[in-house]
Each structure stands twice: as C-alpha cells, then as structure tokens.
1. Could you list all residues from the stretch 230-249 that are out of contact with any Phe, Trp or Tyr (no Cβ under 8 Å at 6 or more places or on another chain) and either of a type in the set (Ser, Thr, Tyr) or surrounded by 17 or more Cβ atoms within 10 Å (Cβ to Cβ) (or both)?
2. Here are Ala257, Ala263, Ala227, Ala312: which of them is at pLDDT below 65, among the hydrophobic types (A, V, I, L, M, F, W, C) and open to solvent by less than 60 Å² (accessible area, probe 1.4 Å)?
3. Output the number of residues of the stretch 315-366 satisfying the condition of being in contact with a Phe, Trp or Tyr (Cβ under 9 Å, 6 or more places away or on another chain), without any contact (Cβ under 8 Å) to a residue 24 or more places away in the chain and closer than 23 Å to Phe424 by Cβ.
4. Show the residue pairs that are 6+ apart or on different chains and have beta-carbon atoms under 7 Å apart, the first residue being within the stretch 380-393 and farther than 18 Å from Gly452 by Cβ, the second being open to solvent by less than 90 Å² (accessible area, probe 1.4 Å) and of a type outside the set (D, E, K, R).
5. Just the residues that are modelled with pLDDT of 90 or more and within 30 Å of Thr234 (Cα to Cα), please, taken from the stretch 148-170.
6. Scan the stretch 412-434 for residues that are open to solvent by less than 10 Å² (accessible area, probe 1.4 Å) and not aliphatic (A, V, I, L, M) and report the count.
7. Between a first residue in the stretch 99-128 that is among the charged types (D, E, K, R) and a second residue that is in a helix (DSSP H, G or I), which pairs have beta carbons less than 8 Å apart while being 6 or more apart in sequence or on different chains?
Amino acid sequence: MSSLLLPRQQKLNQLFHLMVVFAVLGPTLGVPVIPGFKLTLFRLFFLTLAAGLFIRWARSRDLESSHMHPVRWYTAFFAFWVVYAAVSLTWAGSLGLGLKYLTFLVTMLLLCLSFPFFLKGSSHIEQTGRVLFWAFFIIVVYGLIESVTYWHLPASRYFGRESSNVTSFFSNQNDFATAITLGLPFLVTALYMLAARRKAKVLIYLTGIITLCDLFLTGSRSNSGFALPLVAVTWLALIPFTVERSKRNFRNLLKGAGLLLLAVVVTGGLLSSVLSDQTRSKLGSTLGVFNDLQSSWTLPNEDDIPLDEEEASSRDQSISIRKALIMNGLHFLARSHYLGVGAGNIEYYMLGAPGVGAKSNIHNWWAEVLVNFGVGVFLLYMTLYFWMLWRLFRLARVKEAVGLSPVIRWGATASFIALIGYFFGGMSPSTAIHFTPMWIVYGFALAVIAVGERQRYAARHKEEGKTAVSSHSAHADSRDLR
C-alpha cells in the first residue's frame, strides 16, 4: 500500500512488466466475478498501475511524458478514436455492445501507449524485450505440451475435451497462431542483430523451432499459409538493408542457411510424430483457399446458406462464411452512410445475416475497424499504420544507423516484419479489439520509434555541434595567421 501512496518509478515499472506478462498470458489466469466478467491478473495489474499513475499525477501534477513527443500524433489519433467511438453510440443499434467494446478500446489503447510511456531508453526496451521473451516462451512451450497431452487450459474452447487442437493460453487456434507470427520475427532477428551469449542464442533458436511447430499444429491456414510466407519474404528482403555489408559474407550467409535448414528438418521431424490427421488435412487444403476466394463476392441472399464441406475447394465452410461476413459488413457500412455502424455493433447487425451461419464477429481486424467506425477513422488508422512502417524501416536501415543502439535497430526490424505479417494475421482472430499481442507489438513499435528518433536527433545535434566548433576554430586560426 505504501508503494501506491508514494509510487516510485521503479515500482511502477515493475507493475508495468507484470501487466504486460499477464496481458500475453491472457484470460487463463483469472476468476469469474459476475456472469460474463472475469477478473484476470492482467485487469488487476492494469487497474493497479492506473491507480499508481493517478496518485503520482495528483501529487506532482506531471506524468513526465515529454519523451513521447515523437509519437504524439498516435496519441492524438487514439484520443480522437475514443471520442468518435463514444459519439457513435448515439446511433448504435445496441448500447450494451457499444459500451463493452468502448471499454475494450480504451483499455487496449492505454496498454499500447504504456510502452512508449515507460520505455524511455534502449535499456528499458531491452529489459522489456527479455520479459516478453519469457512470456512468449511459456505460451509456445505449453503449446507443444498441449499437442501431446491434450491438456487444454480453462481459457481454451476445448477445455475438458480430448481434442488435438492446440490453443495454449488462448481461446482458439487462430489467436494462438497470430500471436506466433507476431512474435517469431523478434526471435529470428535477435539471433544476428543482438549481442548475446551463445547459451542465450541457443535458447532463442530452440524457442524458434518450438514456435514453428506450434504454428503448424494450430492448423491456421491464414497464418501458416499466408502470414508466415509474407514474414519470411519481408525478413529476407530486409537483410541487405539492415545487416552491415561486412557481415554479409559467404561464411555468415552459409551459416544462416544451415541454421535455417536445420530448423526446417527438426520442425518436420517433430511434426511427423505429433501432427494429427485432421490438422494435416486442413493444412493440405490451403491452396484450395485461393479457389474459394475467386468465387463470387456478391452479397448473399436471405435464403443462402454456407457451402457444404464437399463443395468448398478448401474442404470447409470457413472461407465462404468469412466472405459472407465481409460482404454483409460492407453492406452495413453503406447503410450507415459510411460513418460506421457504431462501436462494437457489427455483432448486433450480423446476427441472422445471410450466409454467415451462427457467426457474428467479422473475423477480420481491418474490416472490423472500417465497419464499426467508418471510412474516416479507417483511413486515419491505416495512414498512421503505414507511416509507422516507414519510420521503423528508416530506423532499421544500416545507412541511417548513426547514433542508434543495436537494440533499437533490432526492435525496428522485428516490429516492421511483424506488422507486415499482421496484414494476413489480422484476418484470423474473430475480433482483435481485446487481442493483446497485437496491441503489445503496436505499443512496442511506438516505443522503438520514440526512443530511436530521440537517439538519432541527439546524434545529429552532437555532430552539428562538433562541426560548428571545428568551423569556429578554423576561423580563429585564420585570423591569427593574418
């Protein structure tokens, strides 16, 4: 209690890291309070941290947030987003769903902004990176255990059932797979961009192999068949820009190719013994998704039902249902005069819509933002998203590495790859409004930008100062000679 009454920065940092850990571990660690609400450890530490910050502000009237200046436009947009979401409740069909969604939005945006707020330097980013690694390590190791034992955690939709589906600390396979494709770039790039001991790199490498196994065990086609290749291509394309020329020699390239080949062989060997026939069949139908996507994209009629399994090229109904969800969502958007149906109200209008079966979530984060909040918010969101990618790319480039610590360049590279992969990864979860891994990567990227751009500005200012001093000295010497 004393640490809350007089909260020191160190205590608040500890609360921040505890909040982040339990945000990654999800709703498994919590107890039901009332029907429909579970007090998770994430929510508990979130509220405790918020209380500590409020007390500090009440005493000093200052939260020392000037270091967040490089990401001020994101803070401004988040504030606008919350206001617009609140206003949209005036035309929403369901006020209850709207208030629930608004609560999630405020919580996740604050979680996102807590990263640039608390991570003020490279050392803070490095420390938080370690914390996130161990949280990620826990969820992927448990995923591998789950595939063998069928021990599903209470948060899983398969809890209490003997099912080969792997969900780890998440509710379904797609959420787990999306968390994997968001975290994998941080592991791969850490192997060659960070100075670490050999034991640490071996641990990271083995964790990467386990992560790949988990990804295919989930059977998520959008992540294993689309997001993973996009991540791999982006990673390979970035190597000439992010690795110094002296390190891109034949020996290092051969070593990297050997480690990659070994990871593929070991992953294949492990999967051969634990991959179920059902998951094999699902992954094998990935190419059929393309055929399903090429079919008609017209809005279903009222009497339409989803395709039968034997009628779909991908051998299940998910693609036809997802297409129907998007088409119905765009129809609702047009009926709202492109202002959006209101925060969280997609579910209200989607219930009973043609072609969607029993589904109500739109299962696509990009469409979720567009349909809930309209064209204006969506365009602002995407503009800032692409601007973030550009700023991360500039921080990751070797040519602009003067004054930047290796941790910043690693964070920029990994965040860039993860956010590119999320273009497909964001199409997997039923809803991403409370999908904490996405908000954590977004917030981590903002922290990297804030710290990195301050470091680069300081380096340039120092260089300009040296140039000015040299010029002044030269001018004084020339006067002495005269």
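1. Val231, Trp235, Thr242, Ser246
2. Numbers: Ala257 fails: at pLDDT below 65; Ala263 fails: at pLDDT below 65; Ala227 fails: at pLDDT below 65.
Answer to the selection: Ala312.
3. 1
4. So the pair list comes out as Leu380/Phe77; Tyr381/Val369.
5. Matches in the stretch 148-170: Val166, Thr167, Ser168, Phe169, Phe170.
6. Of the stretch 412-434, the ones open to solvent by less than 10 Å² (accessible area, probe 1.4 Å) are 412-415, 417-419, 421-422, 425-426, 428-429, 432-433.
From what's left, not aliphatic (A, V, I, L, M): 413, 415, 421-422, 425-426, 428-429.
Counting residues in the stretch 412-434 that are open to solvent by less than 10 Å² (accessible area, probe 1.4 Å) and not aliphatic (A, V, I, L, M) gives 8.
7. Pairs that qualify, where the first residue is among the charged types (D, E, K, R) and the partner is in a helix (DSSP H, G or I), are Lys120/His67; Lys120/Val451; Glu126/Val407.
Residue-by-condition table, conditions (1) part of a loop (DSSP other than H, G, I, E, B); (2) open to solvent by 50 Å² or more (accessible area, probe 1.4 Å); (3) closer than 30 Å to Ile204 by Cβ:
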{"site": "Val83", "(1), (2), (3)": "no, yes, no"}
{"site": "Leu102", "(1), (2), (3)": "no, no, no"}
{"site": "Phe133", "(1), (2), (3)": "no, no, yes"}
{"site": "Gly143", "(1), (2), (3)": "no, no, yes"}
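The values are calculated or read from the model by the stated rules, or taken from the named source; none is laboratory data. Please read these numbers as outputs of a predicted model, since none were measured by experiment. A quick note on method: Cβ atoms are made from the backbone with ideal geometry, for glycine too, and the neighbour counts reach across all protein chains shown. We work out accessible area using only protein heavy atoms, side chains counted, and drop any ligands, DNA or RNA first. Shrake-Rupley method; radii C 1.70, N 1.55, O 1.52, S 1.80 Å.
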